[in-house]
Amino acid sequence: MDIMKKIIIVFALCLSGMMIPAEAQKVKVAAAANLRYVLESIKETYEAGHEGVQIEITYGSSGTLTQQIAHGAPFDFFMAADMDFPVKVKEMGFASGDVKKYAYGQLAMWSLSVDLTEGVQAVTAPSVRRIAIADPRKAPYGEKAVEVLKNRGLYDKIEKKIVWGENISQTAQYAFSGNAEIGFIALSLALAPEMQGKGILYLFPPEICSPVEQACVLLKQGGTNPAARDFMDFVLSPACDDEWTRFGYGLVEKE
């Protein structure tokens, strides 16, 4: 009997010592396409300091992501390329908490071959046959680009040259690949590591194009996910300031 008791005790101790891996906490983020590089860097930093948490990011135009959220897409956290789409999400009843501004983006022009020293007037050059712009109905950076062209009296002159991108990332790809001679893109995409030293970049002065206010909101599903709230707090914290500025974003005053 003593031997049997010893066997049972040893077996119990072995079971208690077994490490059963816990299921990773997942945070599902819907993010504007201009965030592709900066957010991947922020994600890497966050996951390195939060073992057991996985950040899953879906990139797209802010308008398309808003439609997906409205149709029940299981996202925890929405990071848009403007203020309007997160406000719309909140007004539709899909948010958990307030809309928060997280960064200021910047519209830019980019080309592999066209001289951009004249600024936006470069779109009228005879050598420019295609101009890439993100769909303004879905992408705030595309809306900004159309606004700039109309304000300068150029939109009607070049409208037939426009190639519309589904989002700002696809628009940038048109320019980066040379399929469009000029692209109106987010500065953050031009500052991606693989784009350093390539092409010609023109930054719009603030009197021609004001910064793009970008905001986020925690969604209903995220309201019951502590990891989602923690990731949002991290994104909004000073810990990410260096990443935002490295990719050309302006910082928002911390609350």
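Worth pointing out:
- Sequence ranges 244-250, 85-91, 201-207, ranked by mean other-Cβ count within 10 angstrom, highest first: 85-91, 244-250, 201-207
- From the coordinates shown, Rg/Rh (Cα atoms, Kirkwood Rh) corresponds to which of (i) 1.82; (ii) 1.16; (iii) 1.09: (ii)
- Peptide packing: for 186-196, 155-165, the average count of neighbouring Cβ atoms within 10 Å per residue gives the ranking 186-196, 155-165, highest mean first.
- Of the residues F75, V89, A125, the one whose Cα sits farthest toward the positive end of the charge dipole of the stretch 15-134, with +1 on the Cβ of Lys and Arg and -1 on the Cβ of Asp and Glu, is A125.
- Scoring 227-234, 136-143 by mean Cβ neighbours within 10 Å over their residues and listing the highest first yields 136-143, 227-234.
- Lysines whose Cα lies under 23 Å from that of K101, excluding same-chain neighbours fewer than 8 positions away: K28, K43, K88, K90, K138, K144, K220, K254
- The DSSP beta bridges internal to the chain are antiparallel in roughly 50% of cases.
All of the numbers you see were taken from the coordinates with simple rules; none came from a lab. In this text, all values refer to a predicted model and were calculated from it rather than measured experimentally. Cβ sites come from the backbone with ideal geometry, for glycine too, and all protein chains shown count toward neighbours.
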